[in-house]
Amino acid sequence: MYTQSLNEKTPKSDASDETSPEGIKFQQKIDADLKIEPYDFMPEGYRKTLQRQISQHAHSEIVGALPEGNWVSRAPTLKRKAALLAKIQDESGHALYLYSAAETLGISREEYTDQLLYGTAKYSSIFNYPALTWADMGTIGWLVDGAAIMNQIPLCRCSYGPYSRAMVRVCKEESFHQRQGYDIINILCNGTEAQFEMAQESLNRFWWPALMMFGPADKTSTHTDKSTKWKIKRFSNDTLRQRFVNATVTQAHFLGLKIPDADLKYNEETENWDFGEMNWDEFFNVVKGNGKCNKERLNVRVKAYEDGAWVREACNEWAAKQAAKNNKLAAE
Ligand code: FAQ
């Protein structure tokens with residue numbers, strides 16, 4: 001949607017940037033809530049932050065479809081299978097919009113893919129936890145898409161035009177995903193005792209990893225200050241995490257589920273649900289690639305990419321032949 005125009009000229013930025021006259025003008029534009037577009041001047045740090053964040057986001061959508069893909073054949077009804085398939089298709093579509101937005105920053109989709117498959121690019125920690133039961137499909141929709149929406153609604157107002165526009169549609173679809181997840185859990189919670197237990201057990205495993213999706217605590221977040229100044233981020237990691245807890249605790253209580261946190265307590269003064277200390281060792285361990293499923297997830301992606309090489313080759317050949325045919329016709 002944006003990438004053809006990249007062939008025309010290289011996007012502008014410069015190492016001296018932030019304090020240069022162009023850099024000052026850039027910040028004034030941000031402060032005035034104007035959008036930055038691909039060929040506008042941008043400091044190198046702004047470009048690099050967006051390349052990292054948008055591509056990490058795109059990779060997360062792709063890897064995030066893997067735990068759900070494993071459940072398509074085991075979904076309990078035709079309706080559930082169809083909904084799960086549609087969700088997976090949506091997540092792949094999100095990756096497409098996001099890679100397209102990221103490409104406008106001067107790195108191709110192939111390079112981003114290489115960074116994920118053969119490099120050190122990150123994707124969301126949450127997808128390195130296994131989906132063991134049908135209830136996990138509900139919990140992923142309810143909590144993971146729920147956390148994704150809480151984090152991504154503010155990104156619709158991100159200062160970078162292509163990212164902010166992509167996020168509008170992504171958020172609409174994520175909110176539908178969240179509801180289908182909640183619906184699965186609601187049915188289980190109102191079913192047999194065993195079904196209720198399955199929902200509770202799933203919540204027990206996913207609660208803390210879902211909170212970790214919001215990233216490290218503000219005091220250890222490396223990028224928040226700069227990203228806030230540039231209006232890439234509108235709220236800090238801890239602020240969004242707290243909002244998510246406040247919204248979700250009420251939903252869990254409505255379902256009759258217990259949040260697995262002995263320190264969870266409503267604070268009358270701040271009107272927030274105070275919650276316990278996160279296991280940050282676990283978070284950083286997963287982010288470094290040592291979670292339960294990191295290796296498995298990446299191996300599946302590498303295999304799919306390498307097995308599909310002949311398809312990409314055939315498509316390129318066909319496109320080249322079509323272009324040659326069209327050029328010949330145009331010349332006649
Ligand atoms: N996992 O300084 P900060 C979804 C890294 S989409 C792994 O706070 P920042 C849809 C971070 O990259 C879910 N790594 O960083 C779906 C940085 O790395 P560095 C994905 C993490 O960027 C649902 C370092 O730690 N959503 O779920 C994580 O300011 C269901 C320091 O952190 C997005 O990507 C993490 N959780 O804030 C699909 C949203 N957190 O510098 C299928 C866009 C942090 O070492 C099924 N991203 N890191 O390379 C963002 O909003 C931000 O990037 C944050 C992190 C908030 C994630």
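Taking the Cβ-Cβ separation of A319 and R169 as r and a Förster radius of 35 Å, what is the calculated FRET efficiency to the nearest 0.05?
0.85
Rank these by accessible area, largest first, 1.4 Å probe: E317, E173.
From most accessible down to least: E317, E173.
Dipole of the chain (Lys/Arg Cβ +1, Asp/Glu Cβ -1, origin at the Cα centre): which of Y97, Q51, W207 lies farthest to the positive side?
Y97
Can you tell me the dipole magnitude for segment 26-69 around its Cα centre, using point charges on the Cβ only (Lys, Arg +1; Asp, Glu -1), in Debye to the nearest 20?
In total the dipole reaches around 160 debye.
Once you place label points 7 Å from the Cα toward the Cβ at E110 and N70, how far apart are they in nm?
Once both label points are built, they end up 3.2 nm from each other.
Taking 0.36 nm per residue of separation and subtracting the Cα-Cα distance, what length does fully extending A82 through I187 add?
36.1 nm
Which residue fluctuates the most in the chain, going by a Gaussian network model with Cα springs under 10 Å, if the choices are S55, S164, S73?
Comparing S55, S164, S73 in the GNM, the peak value goes to S73.
Applying 1/(1 + (r/R0)^6) with R0 = 30 Å to the Cβ-Cβ distance of T250 and K229, what FRET efficiency is obtained, to the nearest 0.05?
Efficiency computed from Cβ-Cβ geometry: 0.35.
Provide the FRET efficiency to the nearest 0.05 for the A262-N285 pair, computing r from the beta carbons and using R0 = 25 Å.
0.65
Show me, for segment 267-279, the HN-Hα J-couplings you get by feeding each phi into the Karplus relation (A = 6.51, B = -1.76, C = 1.60, θ = phi - 60°), rounded to Hz, glycine and proline as x.
9, 4, 5, 8, 6, 10, 8, 6, 10, x, 6, 7, 8
Wrap a convex hull around the Cα atoms of segment 74-169, take a quarter of its surface area, and give that in square nanometres.
7.3
Can you list the residues, at least 5 places off or on another chain, whose amide H is less than 5 Å from the amide H of N272, using H built in the peptide plane?
Those lying under 5 Å, H to H, from N272 are N267.
Would you work out the charge dipole size for the chain about its Cα centre, treating the Cβ of every Lys and Arg as +1 and the Cβ of every Asp and Glu as -1, and quote it to the nearest 20 debye?
The dipole of the chain has a size of about 760 debye.
Report the gain in length on full extension from N272 to D238: 0.36 nm times residue separation, minus Cα-Cα distance, nm rounded to one decimal.
Between N272 and D238, full extension yields an extra 11.0 nm.
How large are Rg and Dmax for the chain when only the alpha carbon atoms are used, in Å?
When restricted to Cα atoms, the chain yields Rg and Dmax of 21.7, 79 Å.
GNM on the chain, C-alpha springs below 10 Å: top fluctuator among E268, E68, E193?
So, out of E268, E68, E193, the one fluctuating most is E268.
Using just the helices of the chain, give the 222 nm mean residue ellipticity in deg cm²/dmol: DSSP H runs with n ≥ 4 each add -39,500 (n - 2.57), and the total is spread over all residues, rounded to 500.
Roughly -20000 deg cm²/dmol at 222 nm, from the helical runs in the chain.
Please identify, among T77, T248, T49, the residue showing maximal mean-square fluctuation in a Gaussian network model of the chain using a 10 angstrom Cα cutoff.
Among T77, T248, T49, the largest GNM mean-square fluctuation belongs to T77.
The values are calculated or read from the model by the stated rules, or taken from the named source; none is laboratory data. If you're wondering where the values come from, they're calculated on a predicted model, not measured in any experiment. Glycine also receives a Cβ, built like all others from the backbone with ideal geometry; neighbour counts cover every protein chain displayed. Just so you know, the surface numbers come from the protein's heavy atoms only, side chains and all, with ligands and any DNA or RNA stripped out. Shrake-Rupley method; radii C 1.70, N 1.55, O 1.52, S 1.80 Å.
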